[in-house]
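First up is the structure itself, then whatever we jot down about it.
The values are calculated or read from the model by the stated rules, or taken from the named source; none is laboratory data. This is a predicted model, so every value here is computed, not measured. Neighbour counts are summed over all protein chains in view; Cβ atoms, including those assigned to glycine, are modelled from backbone coordinates with ideal geometry.
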Amino acid sequence: MNARLPERQASRALLIGSSRFSHEGLHDLPATVNNVQALADALTDPAMGGLDPSGCRVLTDPATPKQVGDAIDAVVNEALDTLVLYYAGHGVLSRHGELFLAVEITDPDPYRVHYSGVPMTWLRSALAESPADNRILILDCCFSGHAVEAMSGTASAVGGKLDIRGTYTLASAPAHETAVAPVGARFTAFTGELVKTLREGIPGCGPLLTLGDIYPALTRALVASALPRPQRLNTDLGDHVAMTRNPAYRPPSRSASKPRVVSQPHRSPTGPHRRASDEQDPKVAAEFHSAMLDVYRKAKKEAGYNAAYFLQMVQEVGGLEAARRLIRAGSVSSGFTALWEKGRLDLSVEAVVLQDRFAGLFTDEELDIARDRLAEYGYSSAQTS
């Protein structure tokens, strides 16, 4: 699936920033107002190709849950292509572990937050009922990882079986951790890194910044700074949805796009100038196809990851062609990211491609992409066999 930008006139965003709170149990968060404005500017910048300014609504310091509900209702039904809901503020848990988003009047008492906070179920229902093809939920608040559970239907407090296909949920912190808003900082830690990523781009990625690109970049930057690890839930290829253009994209040179010519055929088959010389060998290609199926089985059994889309691709176009498409994609696949999170990049397509017995099936450029991609995520190609 190719990445694409949202259709400007058919897409909507609601960015909510709660910075003032009347209850003494919740301290003010002035950075959230800067969050929503900077994010709105990035998403609607014509040079970055995102949303139309008229379709991006900013709501700062809502006083009551009803104000949030009315704002959600106003954008949800208008979005036909892409819907973005963003909240920055305090996340509060009820005594049953339900996540509520705080507004000015919210009482953080676990026994009373039901009456004064915005329940996660409102957002879940709104996203499920929206006619938009792509739905994106971004939460920058404490305990926001509960939203991932709620959107996946695993939270015991969330009832019903709502259809939330095509939804991508991005949370700033795990379910039982607090988010970080450094005192005196212009932005909260998570949104500050998100805005930086959108504005500066991600070197090595394609011309568009997809959610599949953004999540691992955010994670690497935040974890490297000893900040909470973001959480995400992707359904129905939501990670292929692009947020903006990639300012750091550099088109490959013409010479780099061509396979290198082998001038010394006597070199070792594992030498650095090898081309795809074994492509016509049906035995090697069949072994590689079997290896791709084996990757799927091991990922499911050993890492608990069901790569259904990958399996479908292998079955439809064959293991060799599937690997080439994934290697040459402008960004890492959702499966690669999932395996990275689980510490099992040894099961990635890139790692298998670099095995000596299969490397001859691929061009030098494809091997370089695989090697560089693994290195970027801290996995050495020397670990492949």
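At-a-glance table
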quantity: Some residue of the range 164-172 being in a loop (DSSP other than H, G, I, E, B), at pLDDT 85 or above and within 29 Å of residue 81 (Cα to Cα); calculated: yes
quantity: Matching residues in the range 76-101 - criterion: being touching a Lys or Arg at 6+ places or on another chain (Cβ under 8 Å) and more than 23 Å from residue 232 (Cα to Cα); calculated: 78
quantity: Test result for residue 221, modelled with pLDDT of 75 or more, touching an Asp or Glu at 6+ places or on another chain (Cβ under 7 Å) and in the same structural domain as residue 49 (by TED's automatic domain parsing); calculated: yes
quantity: Qualifying residue in the range 18-32 (condition: among the hydrophobic types (A, V, I, L, M, F, W, C), within 20 Å of residue 198 (Cβ to Cβ) and either in a helix (DSSP H, G or I) or not assigned by TED's automatic domain parsing to the domain that holds residue 192 (or both)); calculated: yes
quantity: Residue check for residue 40: in contact (Cβ under 8 Å) with a residue 24 or more places away in the chain and outside any loop (DSSP other than H, G, I, E, B); calculated: yes
quantity: Hey, residue 314 crowded, with 17+ Cβ neighbours inside 10 Å, touching a Ser or Thr at 6+ places or on another chain (Cβ under 9 Å) and over 22 Å from residue 202 (Cβ atoms) or not; calculated: no
quantity: Selection status of residue 149, out of contact with any helix residue (DSSP H, G or I) (no Cβ under 8 Å at 6 or more places or on another chain) and modelled with pLDDT of 95 or more; calculated: no
quantity: Residue tally, condition surrounded by fewer than 21 Cβ atoms within 10 Å (Cβ to Cβ), over 21 Å from the mean Cα position of the chain (by Cα) and either aliphatic (A, V, I, L, M) or under 21 Å from residue 214 (Cβ atoms) (or both), over the range 293-311; calculated: 1
